[in-house]
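So the structure is just underneath, and the comments pick up after that.
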Amino acid sequence: MTSILATLRRTVRYLCHLHHRCGYGIQSPYAYSMVRDVVYERGTYYAYAALDALVAATPQAALRPRDYRLLFRLANAAGVRHMAVWAA
């Protein structure tokens, strides 16, 4: 019974938010492109293997591997050559 209610609730929520599905509610073309092409990118980049090896070699990584991948995609989109990560 609970799974039926949960499925129904998810379906109603999906239908209510259907008109916001593709635009993320963003008005700026630059920001929309950044979200769509960088933040929600699902493809693999050329340096993911090297980045994962570097994170694995670090004794206590400050962030999760997926966060390092996001930072890499952001730096790649901005054209940055060097980047430093400080963790508190």
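A compact table of results
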quantity: Residues of the range 45-88 classified as surrounded by 12 or more Cβ atoms within 10 Å (Cβ to Cβ), over 17 Å from the mean Cα position of the chain (by Cα) and under 24 Å from MET34 (Cβ atoms), total; calculated: 2
quantity: Residue tally, condition assigned to a loop (DSSP other than H, G, I, E, B) and free of Cβ contacts under 8 Å to residues at least 12 places away in the same chain, over the range 42-85; calculated: 14
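Readers should treat all values here as calculations from the given coordinates under stated rules, not as data from a laboratory. The structure presented is a predicted model; accordingly, all values stated were derived computationally and were not measured. FYI the Cβ positions are ideal-geometry reconstructions off the backbone, even for glycines, and counts take in every protein chain you see.
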